[in-house]
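Visitor: I am attaching a structure below and will ask some questions about it afterwards.
The values are calculated or read from the model by the stated rules, or taken from the named source; none is laboratory data. Quick caveat, the model's predicted, so the values are computed rather than measured. So basically every Cβ, Gly included, is an ideal-geometry build from the backbone, and we count neighbours across all protein chains shown.
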Amino acid sequence: MALNKEEVAHIAKLARIRLNDAELAALSGELSHILTWVEELRELDTENVPPMTSVAAMRLPMREDIVTDGDCRDAILGNAPQTAKGFFAVPKVVE
Amino acid sequence: MGPGFRRDSGGEGVGGRPPVSALIEGRTGAWEVVIGLEVHAQVTAEAKLFSGAATAFGAEPNTQVSPVDAAFPGMLPVINRHCVEQAVRTGLGLGARINLHSVFDRKNYFYPDLPPGYQISQYQQPIVGQGRLVLDLPDGTTREIGITRLHLEQDAGKSLHDQHPGLTYVDLNRAGIGLMEIVSEPDLRSAGEAGLYLRKLRSILRYLGTCDGNMEEGSLRCDCNVSVRRPGEPYGTRCEIKNLNSVRFVMQAIDYEARRQIALIEAGGAVMQETRLYDSGRGETRPMRSKEEAHDYRYFPDPDLLPLDLDPEWVERLRAELPELPDAKKARFVAEFGLPPADAEVLTAERATAGYFEKVAAGRDPKAAANWVMGDLFGALNAMGLDIEAAPVAPERLGALIDLIADGTISGRIAKTVFAEMIETGEAPEAIVDRKGLRQMSDQGAIEKAVAAALAAHPAQVAQYQSNPKVLGFFVGQVMKATQGKANPALVNRLLRETLGG
Amino acid sequence: MSRLTDLTLAEARAGLRARDFSAGELTEAYVSAMAAARPLNAFITETVDRARAMAAEAAARLARGEALPLDGIPIAVKDLFCTKGVPTTAASHILDGFTPPYESTVTDKLWRAGAVLLGKTNLDEFAMGSSSTTSHYGPVENPWRRAGDNRPLVAGGSSGGSAAAVAAHAALAATGTDTGGSIRQPASFCGIVGLKPTYGRCSRWGVVAFASSLDQPGPMARSVRDAAILLAAMAGHDKRDSTSAPLPVPDFEAALSGDIRGLRVGIPKVYRADGMAAEIEALWRQGIAWLREAGAEPVEISLPTTRHALTAYYIIAPAEASSNLARYDGVKFGLRVPGDSLEDMYEETRAAGFGAEVRRRVLIGTYVLSAGYYDAYYLKAQQVRTLIARDFAAAFEKVDCLLTPTAPSAAFAIGDHANDPVAMYLNDVFTVPASLAGLPAISVPAGLSQDGLPLGLQVIGRAFDEETVLRVGEVLERAAQFTHRPSFIAG
Ligand SMILES: [Mg+2]
Ligand SMILES: [Zn+2]
């Protein structure tokens, strides 16, 4: 399985990672190499084999509907690169 | 219904009668509108779906956010049992299949009000499968609309784009609140039906107490999938109109969008599948820029959670504990109280109204009870902008008022005065009647005096009586005036006839 | 008396209780060892003040005779565990300046047990690697050197900083995390003991996520007993982690009976597959012999799907990582590179914040989850994972544990495999299968390679049977008599 630069650019867009042309070229080689390597899985017959959902052999635990967290704005905003008036702030988004 | 609609039938429903559908007359002929709705209903709960932060509306920005909601490193989700219960109860209320095994998936996309970069939702295995919802159409008939599925998912935060010229502000108070996404089949055939569907769904949710249905506060939001086709032809390409927060806007948006698509096709163009926004100011829909770039959500099971396996006995217990829902209550009101279906529908639209009515009707004439509730009470509440929970008159007292009419203590006319006073003071009707001395006069002697006085005062009209019996009404008026309306009207009429006729 | 930093955790615990030395003295010894070890680049953050304060509290409890299980024991913590008020980096540029307002469950348990935090150790960025060379803070150096060759070697990864610190006596023990071998392989490379518990045994709450269905915290120490003592304090149910097992914590130390008579030990011949290095195979044979001498019964077993484990792992782990790392977007914490638009800000921030290996894995993970490829890659890999778990289940019908080498080689030179990701991934070939099945596994130093580097043997056990794993590990430890010391000892 080979990935050309355009395909890598599309994936990088999905992953929100800016890549220059040289990086795209290098990555298309590296990623193709990795994908070719994992190709070998195809030879294995997995007909009717359920995918693993979790190795933890247990039921999903549930919480009670009680407020136990929140009300800690300073802690929530404390690490943010940019805030204003108690909000996180980001470059303007046009809907 | 907007202008240009004419009633007609066509298209296929999932059950019951074929839909009463509004075809739109285009330049080149009739078009059928096909609508499916995705409703996001906020689960009524104290805490969020996967975190312990509060859900109350209107708090200061970012004060109801836990590190889990803000997707801090190493934070993990733990599901709120109550939200699961509410989803199951809603599914049961929609007559839907409950999936004892369901899975939470991650829906991956980047947006500032989605802190983890993914929304925990349910994709291929939702908690609730197919169900149905019954529409009560204006012509008195009903039609079943198919429910495709209901799944649990997290709400996103709130992005404010209008607070700063160069910045978008993000408030995560809403991020992580539990939502039920309720998806309908493309069974709706007009903006009107879409409105009926929404009102009915809202009524059911409020009966169940699983969502407060408050569209102003965003507890109930609607995405509309709209397409048009020639009657009988396969579905056309649909557009999704996102985040409509009032029934009116839903109907306006659908009307506009249907016409836009028809005009486009009739002009030789083609509808392209896209997400659009409704601009309520302009009354038009426009493409949503932020959604233009083709997205690929890369759903996969959330490895921080396990599949959700429900205990069948638990589900059955919830089924057994469901309250009586609008359709059943309406049917019962028709059967038990002999009310016309239209009245029964009005009285059962809200659980509180139905409860109020039943208290008033208990052991009394249900029609009289219905008239008082739908007439004088609703009138007064509307005038005061109150809803029934805040009614100043307790149902027992309205009932007592009706009793006073029934046992002849007061006349229907006096009752209106008493009711007005009750609205003012909340006093018991008996107390008002006594305080104001409004008891009906049924003492024959006193009334005979009043009658005699009235006849003596108007000899001319007495003379007219033989030729024109209508003057009886004039004398009834005179006697009632003389008795400040307290005279028993039946008695007054009898005595007048006897004396005039004699 | 030997130097304080030469004592094992068990010995130090005894010495503190016998008042042979104070918690303050022990911590000071390690504070200076940590400073002396700086050439190894094993620590990203040293927390000397906090260490002294914690030691003082421990000393007071010890003096009152109210000693907690780990009172006064100076440990290092992999910088993937969130520590309240102490910067937590995951060795990534993108977490610049991030200081958690919360303490991870595992470290919180350690402090409640009286342990002392020396510092946060270096690792592969976001724990993605097998060499601890992908850190934004530079590579970790292995305290070992090849005989007659002074080139710096990798400490293994991703918990290489913890392994190097413990091996160089710059920490008495350390926490690590293991996703595909990140505790066991560096333990093997540095000649120490590393245990990956059963998935769900130690809480993941507060541990920066790499691959959620595989990540598991565990102890790294200089002896099997030390690992057992540390694990006892780290383990236990946590209701904040939906995948944490609601099970009581056994007395792991008590499991070290030395008696493995009649125990059936599975030898998966498939591991011997295509060209295992002779010295690795020799060590494995030696290990089998030791266990037989101790009264255990080696049993050849087959794990047919195991040969596909590594490729399945390198689909599943990147897929989960691509989603887990989406939260690093310049909005809530860490690095932000300003941009004209939101999209610019996202893309520039993530491009600048993530190193080459993290980018590779995020992109691979994004690809295998994307429309049209999900079934062929992610779904397929999860099906393979089911088969691998079934293989182990079948094996455990016949045997009580498995013995394998930990890694296909000894530590390699810093820079090797740097530009061949797949060659680097092959380091995990023996450790990944247990990770995919969520099973407990320990690496115990068992011998030296021809050029004098430590090599480990791995014992894999049934789910939640860390006791057998520890018991067998200790028997190997005794038999191996691994007393070799690295060329660099800090304290
Ligand atoms: Mg949707
Ligand atoms: Zn939704």
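Visitor: Would you check if B:Ser227 is more than 16 Å from ligand 2 (Cβ to nearest atom) and either more than 18 Å from B:Pro287 (Cα to Cα) or aliphatic (A, V, I, L, M) (or both)?
Guide: no
Visitor: Just checking, which of B:Arg149, B:Arg174 is among the basic types (Lys, Arg), within 14 Å of chain A (Cβ to nearest Cβ) and within 16 Å of ligand 2 (Cβ to nearest atom)?
Guide: B:Arg174
Visitor: Residues in region B:41-67 that are away from ligand 2 (no atom under 16 Å from the Cβ) and under 22 Å from B:Pro116 (Cβ atoms): how many?
Guide: From region B:41-67, those away from ligand 2 (no atom under 16 Å from the Cβ) are B:44-47, B:51-67; that's our starting set.
Subset that is under 22 Å from B:Pro116 (Cβ atoms): B:45, B:47, B:51-55, B:59, B:61-67.
Residues that pass the stated criteria total 15.
Visitor: Since C:Ala446 meets every condition but one in (1) small (Gly, Ala, Ser); (2) surrounded by fewer than 24 Cβ atoms within 10 Å (Cβ to Cβ); (3) in a strand (DSSP E or B), which condition does it not meet?
Guide: If we test C:Ala446 against (1) small (Gly, Ala, Ser); (2) surrounded by fewer than 24 Cβ atoms within 10 Å (Cβ to Cβ); (3) in a strand (DSSP E or B), just (2) comes out false.
Visitor: Could you list, in sequence order, the residues of region B:467-493 that are more than 46 Å from the chain's Cα centre (by Cα) and of a type in the set (D, E, K, R)?
Guide: Selection gives B:Lys470 alone.
Visitor: If you don't mind, another one. Can you tell me how many residues in region C:375-402 are among the small types (Gly, Ala, Ser) and over 30 Å from C:Ile260 (Cα atoms)?
Guide: Result for region C:375-402: 2.
Visitor: State the number of residues belonging to region B:20-38 that are within 16 Å of ligand 1 (Cβ to nearest atom) and touching a Leu at 6+ places or on another chain (Cβ under 6 Å).
Guide: Looking only at that region, the number is 1.
Visitor: Show me the strands (runs of 3 or more DSSP E) entirely contained within region B:41-156 in which 1 or more residues are β-branched (Val, Ile, Thr).
Guide: Hits in region B:41-156: B:118-121, B:131-136, B:142-154.
Visitor: Looking at A:Phe88 and the list (1) in contact (Cβ under 8 Å) with a residue 12 or more places away in the chain; (2) facing chain C (nearest Cβ under 9 Å), which single condition is not satisfied?
Guide: With respect to (1) in contact (Cβ under 8 Å) with a residue 12 or more places away in the chain; (2) facing chain C (nearest Cβ under 9 Å), A:Phe88 is out only on (1).
Visitor: Please go through region B:203-224 and give me each residue that is within 16 Å of ligand 2 (Cβ to nearest atom) and of a type in the set (Lys, Arg), ordered by number.
Guide: Listed by number, the list holds a single entry, B:Arg221.
Visitor: Determine if region C:352-360 includes at least one residue that is of a type in the set (Asp, Glu) and not in a loop (DSSP other than H, G, I, E, B).
Guide: Yes.
Visitor: Further question on the same structure: Do the conditions hold for B:Glu38, that is, is it away from ligand 2 (no atom under 16 Å from the Cβ) and surrounded by fewer than 24 Cβ atoms within 10 Å (Cβ to Cβ)?
Guide: No.
Residues are listed down the side, and each one gets a yes or a no for (1) within 25 Å of C:Arg350 (Cβ to Cβ); (2) more than 8 Å from chain C (Cβ to nearest Cβ); (3) not acidic (Asp, Glu):
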site: A:Asn4; (1), (2), (3): yes, yes, yes
site: A:Ala9; (1), (2), (3): yes, yes, yes
site: A:Leu14; (1), (2), (3): yes, no, yes
site: A:Glu23; (1), (2), (3): yes, yes, no
site: A:Val55; (1), (2), (3): no, no, yes
site: A:Pro81; (1), (2), (3): yes, no, yes
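Visitor: What single numbered condition from (1) touching a strand residue (DSSP E or B) at 6+ places or on another chain (Cβ under 7 Å); (2) more than 16 Å from ligand 1 (Cβ to nearest atom); (3) among the charged types (D, E, K, R) fails to hold for B:Glu216?
Guide: Among (1) touching a strand residue (DSSP E or B) at 6+ places or on another chain (Cβ under 7 Å); (2) more than 16 Å from ligand 1 (Cβ to nearest atom); (3) among the charged types (D, E, K, R), B:Glu216 violates only (1).
Visitor: If only one of C:Ala35, C:Ala29, C:Ala60 is among the hydrophobic types (A, V, I, L, M, F, W, C), over 30 Å from C:Ser487 (Cα atoms) and at pLDDT 95 or above, which one is it?
Guide: Details: C:Ala35 fails: over 30 Å from C:Ser487 (Cα atoms); C:Ala29 fails: over 30 Å from C:Ser487 (Cα atoms).
After ruling out the rest, the residue left standing is C:Ala60.
Visitor: Moving on to the next point. Restricted to region B:161-176, and to residues that are of a type outside the set (Phe, Trp, Tyr) and not in a loop (DSSP other than H, G, I, E, B), which residue is farthest from ligand 1 (Cβ to nearest atom)?
Guide: B:Leu167
Visitor: Still on this structure: Looking at region B:407-415, can you tell me whether even one residue there is assigned to a helix (DSSP H, G or I), modelled with pLDDT of 90 or more and either touching an Asp or Glu at 6+ places or on another chain (Cβ under 8 Å) or surrounded by fewer than 15 Cβ atoms within 10 Å (Cβ to Cβ) (or both)?
Guide: No, every residue in region B:407-415 fails to be assigned to a helix (DSSP H, G or I), modelled with pLDDT of 90 or more and either touching an Asp or Glu at 6+ places or on another chain (Cβ under 8 Å) or surrounded by fewer than 15 Cβ atoms within 10 Å (Cβ to Cβ) (or both).
Visitor: Before we move on, is B:Leu179 part of a strand (DSSP E or B), within 16 Å of ligand 2 (Cβ to nearest atom) and at pLDDT 95 or above? Outline the logic, then answer.
Guide: Values: part of a strand (DSSP E or B): yes; within 16 Å of ligand 2 (Cβ to nearest atom): yes; at pLDDT 95 or above: yes.
Yes, satisfied.
Visitor: Only residues that are surrounded by fewer than 23 Cβ atoms within 10 Å (Cβ to Cβ), more than 16 Å from ligand 1 (Cβ to nearest atom) and basic (Lys, Arg): list them for region B:112-160, please.
Guide: B:Arg132, B:Lys158
Visitor: So, in region C:81-92, how many residues would count as being farther than 18 Å from B:Ala71 by Cβ and more than 13 Å from chain A (Cβ to nearest Cβ)?
Guide: So the answer is 3.
Visitor: Please specify each residue of region A:37-95 satisfying the condition of being of a type in the set (Gly, Ala, Ser) and in a loop (DSSP other than H, G, I, E, B).
Guide: A:Ser54, A:Ala56, A:Ala57, A:Gly70, A:Gly78, A:Ala80, A:Gly86 - these are the residues of region A:37-95 that are of a type in the set (Gly, Ala, Ser) and in a loop (DSSP other than H, G, I, E, B).
Visitor: Right, something else. Which of (1) at pLDDT 95 or above; (2) surrounded by fewer than 24 Cβ atoms within 10 Å (Cβ to Cβ) is the odd one out, the single condition C:Gly148 does not satisfy?
Guide: Answer for C:Gly148: the failing condition is (1).
Visitor: Those residues that are surrounded by 24 or more Cβ atoms within 10 Å (Cβ to Cβ) and either more than 16 Å from ligand 2 (Cβ to nearest atom) or at pLDDT below 95 (or both), I need them from region B:75-85; list them, please.
Guide: Residues satisfying the conditions are B:Met75, B:Asn80.
For (1) within 28 Å of C:Thr99 (Cα to Cα); (2) more than 14 Å from every other protein chain (Cβ to nearest Cβ), each residue gets a yes or a no:
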{"site": "C:Thr175", "(1), (2)": "yes, no"}
{"site": "C:Thr198", "(1), (2)": "no, no"}
{"site": "C:Leu214", "(1), (2)": "yes, no"}
{"site": "C:Ser223", "(1), (2)": "no, yes"}
{"site": "C:Pro250", "(1), (2)": "no, yes"}
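Visitor: Does region B:191-209 include one or more residues that are under 25 Å from B:Asp139 (Cα atoms), of a type in the set (Val, Ile, Thr) and either crowded, with 22+ Cβ neighbours inside 10 Å or touching a helix residue (DSSP H, G or I) at 6+ places or on another chain (Cβ under 9 Å) (or both)?
Guide: yes
Visitor: Also: Taking C:Gly200 as the residue in question, decide whether it is part of a loop (DSSP other than H, G, I, E, B) and either at pLDDT 95 or above or hydrophobic (A, V, I, L, M, F, W, C) (or both).
Guide: On the way: part of a loop (DSSP other than H, G, I, E, B): yes; either at pLDDT 95 or above or hydrophobic (A, V, I, L, M, F, W, C) (or both): yes.
Spelling it out, C:Gly200 is indeed part of a loop (DSSP other than H, G, I, E, B) and either at pLDDT 95 or above or hydrophobic (A, V, I, L, M, F, W, C) (or both).
Visitor: Tally the residues that are within 19 Å of C:Ser135 (Cβ to Cβ), assigned to a helix (DSSP H, G or I) and among the hydrophobic types (A, V, I, L, M, F, W, C), restricting the search to region C:71-110.
Guide: Going through region C:71-110 one residue at a time, the tally reaches 2.
Visitor: Additional query: Criterion first (of a type in the set (S, T, N, Q), within 16 Å of ligand 2 (Cβ to nearest atom) and under 18 Å from the mean Cα position of the chain (by Cα)) does B:Ser102 satisfy it? Steps first, please.
Guide: On the way: of a type in the set (S, T, N, Q): yes; within 16 Å of ligand 2 (Cβ to nearest atom): yes; under 18 Å from the mean Cα position of the chain (by Cα): no.
For B:Ser102, the condition - of a type in the set (S, T, N, Q), within 16 Å of ligand 2 (Cβ to nearest atom) and under 18 Å from the mean Cα position of the chain (by Cα) - is not met.
Visitor: When you scan region C:370-400, how many residues do you find that are more than 8 Å from chain A (Cβ to nearest Cβ), among the charged types (D, E, K, R) and within 12 Å of A:Pro51 (Cβ to Cβ)?
Guide: Here the count works out to 1.
Visitor: Is it true that some residue in region B:114-121 is touching a Ser or Thr at 6+ places or on another chain (Cβ under 8 Å), of a type outside the set (Ser, Thr, Tyr), away from ligand 2 (no atom under 15 Å from the Cβ) and without any contact (Cβ under 8 Å) to a residue 12 or more places away in the chain?
Guide: No, region B:114-121 contains no residue that is touching a Ser or Thr at 6+ places or on another chain (Cβ under 8 Å), of a type outside the set (Ser, Thr, Tyr), away from ligand 2 (no atom under 15 Å from the Cβ) and without any contact (Cβ under 8 Å) to a residue 12 or more places away in the chain.
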